[in-house]
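Only one structure is covered here, and it is reproduced in the block below.
The values are calculated or read from the model by the stated rules, or taken from the named source; none is laboratory data. Note that the coordinates shown come from a computational prediction; the quantities given were computed from them, not determined experimentally. Virtual Cβ from ideal backbone geometry, glycine too; neighbours counted across all protein chains shown. Note: areas computed on protein heavy atoms with side chains; ligands, DNA, RNA excluded. Shrake-Rupley method; radii C 1.70, N 1.55, O 1.52, S 1.80 Å.
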Amino acid sequence: MKAEPTVHAVADAATVPAPRTPERKRQDKRDPRLSVARLFSEEKARRLWVSLPEEHRQDHFDSANMPDDYGRAFRRQTINREKGWFTQAISFQGLPEPMIWELAWCIHQQVAEGYAITTVRFQELRRGLVLAIEQGGPNARSARSLTALSHEEWAREVQRAVIRTDASRNRNLATHVLNSVKHLQDRLAHAYHDDDWWRLDVWNPGLDRRIPQREHEPWGRSVANFSQLTTDWLREAAKWWLSVQLSTERYVWSSVKSRLDHLKWFQWYIDQAGCSGPQLVVSPDQLRSWLSGFVDSLNNHITMTGPNKGGRLSKNSRRSTLVTIEAFYRWMYDNRAEAVSVLGDRRWGALGTHHCVLFRLEDKPRLTNQPPDDMALDDEVVSKIAAGSEVLAAPVADGGLDDRQAFHALMLLIRTGRRMNEVLMMDFEPLLPLLTTNKQGDKEPEGFVARLAYQQTKITGGVPPTIPVDQEIVDIIRLQQQWAREFIAAQGAPAGMDPRYLFLQTKNNPLGRRPYASATFHSRLGALTGKLAITDGVGRPVKVSKTHTFRHTRATDLINAGVPIHVVMRYLGHVTPAMTMHYAKTLAITAEREFLRYKKVTADGRTAEVSPSDLYDLLHLDQRADRVLPNGWCMLPPRQVCSKGNACLTCDKFVTDASHRDELRHQLAQTEALIDRRQTQFVARHGEAMGEDNIWLAGRLAETRALTEVLVALDQVSVHEDGHFRAVRGAGTSDRPDSSTLLGKEPTV
């Protein structure tokens, strides 16, 4: 019987190795489902039964009594393919009455949440339970509830009964029972739990609506399993601490998951070194030594899996773990009196101020947040990805992946620079009218036509999550809406109904209530990467599945185009300028690369003795604007003052390159024209022309000779690219691309 993801279906990437001591072996036996049996009572089970609509309170469902919503959710089981016979019937008969109530309630909940019911699997579950109750051991024969035994015990009882009855056709029955019961017990645990929601060891937002969640939570289908914190005082305190942070909106669900992973490292060290309860050590004098051992263990740990396999943990991972543990203890110290009452453990009251700062500054590695140099893609690479992206939508028979949703989502990522979940979790109708002061309502063909609303899943507060978009993006949205409507209609949704999200999960989602999963999208893009085999300018493979590169590329394009920082900041959804300036580093890299493209020559036409790299460092172009000239650069040391006025062309500190060719030609033409005008005026006044020894004419002739020599030298040493030269331009120059074009348009794909 298919159900929602549970703790068994979620891989825990942060699980760390630990010594297999006898104490640890006893702790490993802890299972969150063992406490479910203590939560059960027949009165609670009856309440679940009574809560069902009357037509759903049945011990079987067939064509005679099948409710309409069940008829749409129950999958048909083929009986005779040749004659076209099938059945949708399921039955709870033969089981104890409380167990019938539990199964009926679980079925109803799954249907109400949009899950499909695989009738053949449910019938095998029922057959296995009946077999265990009739032919199993004493515990199975006396069971009144699904929670009476753990899911492993139910599977063992079914296996014994199969062997005892020699039912060869049921040899896989134990496996079906194991997988089905563990899903059902997860659901019943939350239904039977009357205490505070956070006291359960497994937090599952999909089953317990009391868990605080954002309206659109990217990780809302994952669970937090605290049973891996096997030290009782740590586990209970961690649940309380994180529940308060979640309820007060200091943390979101993904933050809870990461903090729990950090605490697992702390549990790992406690298993190794032991401790003296919440105080960790008997005497405060011993605390530093104990914590130093933890820091050393983290620093020396060798990873067994993942991209860093065989290496040490990253600096950021180690730092985040230490920061989380310190924040946890600081909060527990501030709330130690309440902790004694809430947790029922007096030892928390003994915390001291030395528990507020557990680690020294040198214990925490410096945070590194330097993006790799391949995060911003070249225009040529983006064009190749866009051109090859049709593979996502193409049929499998044609070598494609047959996923039109992934194709549409990738197009939006490339064009808008949004984060992956901001696109995948968009509302079904994300387009808003574009507020304009144009009373005629006319819009340019290449201009903005609407605003696109997206889900801000990372940063809370700040600017409204909308951006201006052009007609091409609107067309992509409309095509995806058409696909989504057709999909839910084929799943049996009521006529005229629209799904909640624009991009939809395609399994167990007949009403469109669940968005397209990010894991599925990553998988599709990974397959696309293999099919396209695109490389960048230096031959490195480009991973299309690294979706954040599209955001970096978009941000870099906007900043390099001279779009004001506050506009880029609003477009990216950033709260502070510092977040936006993280992308502005690429502007400096671009400026340096453009500066180094051309050979530098002096005023007398010789190649500059200083290397371009050293010259760039000397000039500090991003800080020394006083040394940037209209037609080149001045190499005069910073502390010296120029006494030559505008006579740069006769100065040995002057350098230039081919990017200033047009300016130099213009200056030569102007100087020659000025000489002609002054000669005409001189002849009219004095009756003869100025000689070359004239101080004014000598200076101008020196300038024209210098300009001529520079231009000749540039013709000999310049680096040609596509037959023209491209200068390094600053913000505000006349030949820069229009900002609105870059905000709203990408190359057509």
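Screening Y70 with (1) at pLDDT 85 or above; (2) within 21 Å of N179 (Cα to Cα) gives one miss only, at (2). Does the stretch 246-266 contain at least one residue that is modelled with pLDDT of 95 or more, among the hydroxyl-bearing types (S, T, Y), surrounded by 14 or more Cβ atoms within 10 Å (Cβ to Cβ) and at negative phi? No: zero hits.
I need a count of the residues in the stretch 65-99 that are part of a loop (DSSP other than H, G, I, E, B) and either touching an Asp or Glu at 6+ places or on another chain (Cβ under 7 Å) or among the hydroxyl-bearing types (S, T, Y) (or both). If you could, list the steps in order and put the result at the bottom.
Step one: list which residues in the stretch 65-99 are part of a loop (DSSP other than H, G, I, E, B), which gives 65-67, 76, 81-84, 88-89, 92-96.
Now narrow it down to the ones that are either touching an Asp or Glu at 6+ places or on another chain (Cβ under 7 Å) or among the hydroxyl-bearing types (S, T, Y) (or both): 67, 89, 92-93.
The total comes to 4.
Just one of (1) in contact (Cβ under 8 Å) with a residue 40 or more places away in the chain; (2) under 21 Å from the mean Cα position of the chain (by Cα); (3) open to solvent by 10 Å² or more (accessible area, probe 1.4 Å) fails for F521. It is (3). For the stretch 555-567, filtered to residues that are in contact with a helix residue (DSSP H, G or I) (Cβ under 6 Å, 6 or more places away or on another chain) and in a loop (DSSP other than H, G, I, E, B), the residue that is surrounded by the fewest Cβ atoms within 10 Å (Cβ to Cβ) is A561. Selection of the stretch 209-243 for residues being out of contact with any strand residue (DSSP E or B) (no Cβ under 8 Å at 6 or more places or on another chain) and among the aromatic types (F, W, Y) yields W219, W233, W240, W241. For the stretch 72-121, what are the residues that are among the aromatic types (F, W, Y), farther than 23 Å from A493 by Cβ and open to solvent by 60 Å² or more (accessible area, probe 1.4 Å)? Scanning the stretch 72-121 gives a single hit, W85. Criterion first (within 28 Å of L200 (Cα to Cα), open to solvent by less than 30 Å² (accessible area, probe 1.4 Å) and touching an Asp or Glu at 6+ places or on another chain (Cβ under 6 Å)) does S227 satisfy it? Yes, satisfied.
When the stretch 202-218 is examined, which residues are found to be more than 17 Å from M426 (Cβ to Cβ) and either part of a strand (DSSP E or B) or open to solvent by 20 Å² or more (accessible area, probe 1.4 Å) (or both)?
V202, W203, G206, L207, R209, R210, P212, Q213
N179 - would you say it is within 28 Å of V50 (Cα to Cα) and open to solvent by 40 Å² or more (accessible area, probe 1.4 Å)? Criteria met by N179. Does L242 satisfy being surrounded by 21 or more Cβ atoms within 10 Å (Cβ to Cβ) and closer than 26 Å to S41 by Cα? In short, no. For the stretch 699-720, filtered to residues that are part of a helix (DSSP H, G or I) and modelled with pLDDT under 80, the residue that is farthest from the chain's Cα centre (by Cα) is G699. For R47, the requirement of being modelled with pLDDT of 90 or more and either open to solvent by 40 Å² or more (accessible area, probe 1.4 Å) or more than 22 Å from E152 (Cα to Cα) (or both) is met.
Based on what the data block shows, is R76 basic (K, R), modelled with pLDDT under 85, touching a strand residue (DSSP E or B) at 6+ places or on another chain (Cβ under 9 Å) and farther than 16 Å from V181 by Cβ? Yes, satisfied.
Of all residues in the stretch 307-322 being in a helix (DSSP H, G or I) and in contact with a His (Cβ under 8 Å, 6 or more places away or on another chain), which is most open to solvent (accessible area, probe 1.4 Å)? Once the filter is applied, the top-ranked residue is S320.
Scanning the stretch 407-420 for residues that are charged (D, E, K, R) and not in a helix (DSSP H, G or I), we see that the one that is most open to solvent (accessible area, probe 1.4 Å) is R419.
Of all the residues in the stretch 122-159, those that are surrounded by fewer than 17 Cβ atoms within 10 Å (Cβ to Cβ) and out of contact with any Leu (no Cβ under 9 Å at 6 or more places or on another chain) number 6. Only a single item in (1) within 15 Å of L432 (Cα to Cα); (2) buried (at least 20 other Cβ atoms within 10 Å of the Cβ); (3) at pLDDT below 90 is not met by G512, and it is number (1).
One line per residue, one yes/no per condition, for (1) modelled with pLDDT under 95; (2) more than 24 Å from the chain's Cα centre (by Cα); (3) not in a helix (DSSP H, G or I):
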residue: A339; (1), (2), (3): no, yes, no
residue: R366; (1), (2), (3): yes, no, yes
residue: D374; (1), (2), (3): yes, no, yes
residue: L377; (1), (2), (3): yes, no, yes
residue: V381; (1), (2), (3): yes, no, no
residue: K384; (1), (2), (3): yes, no, no
residue: A394; (1), (2), (3): yes, yes, yes
residue: G400; (1), (2), (3): yes, yes, yes
residue: Q405; (1), (2), (3): no, no, no
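The set of residues from the stretch 275-301 being in a loop (DSSP other than H, G, I, E, B), open to solvent by less than 40 Å² (accessible area, probe 1.4 Å) and closer than 18 Å to Q228 by Cβ comprises just one member, H301.
Quick grid of which residues meet (1) open to solvent by 30 Å² or more (accessible area, probe 1.4 Å); (2) on the phi < 0 side of the Ramachandran plot; (3) more than 19 Å from the chain's Cα centre (by Cα):
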position	(1), (2), (3)
A490	yes, yes, yes
L502	no, yes, no
G539	yes, no, yes
T553	no, yes, no
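The residue that is surrounded by the fewest Cβ atoms within 10 Å (Cβ to Cβ), counting only those in the stretch 335-359 that are polar (S, T, N, Q) and under 23 Å from T248 (Cβ atoms), is S341.
From the list M332, M304, pick out the single residue that is touching a residue at least 40 places away in the same chain (Cβ under 8 Å), open to solvent by 30 Å² or more (accessible area, probe 1.4 Å), of a type in the set (A, V, I, L, M) and out of contact with any Ser or Thr (no Cβ under 6 Å at 6 or more places or on another chain). Break it down into steps so the answer makes sense when it comes.
Numbers: M332 fails: open to solvent by 30 Å² or more (accessible area, probe 1.4 Å).
Every option except M304 fails the conditions.
Scanning the stretch 115-160 for residues that are among the basic types (K, R) and under 14 Å from P96 (Cα atoms) yields a count of 4.
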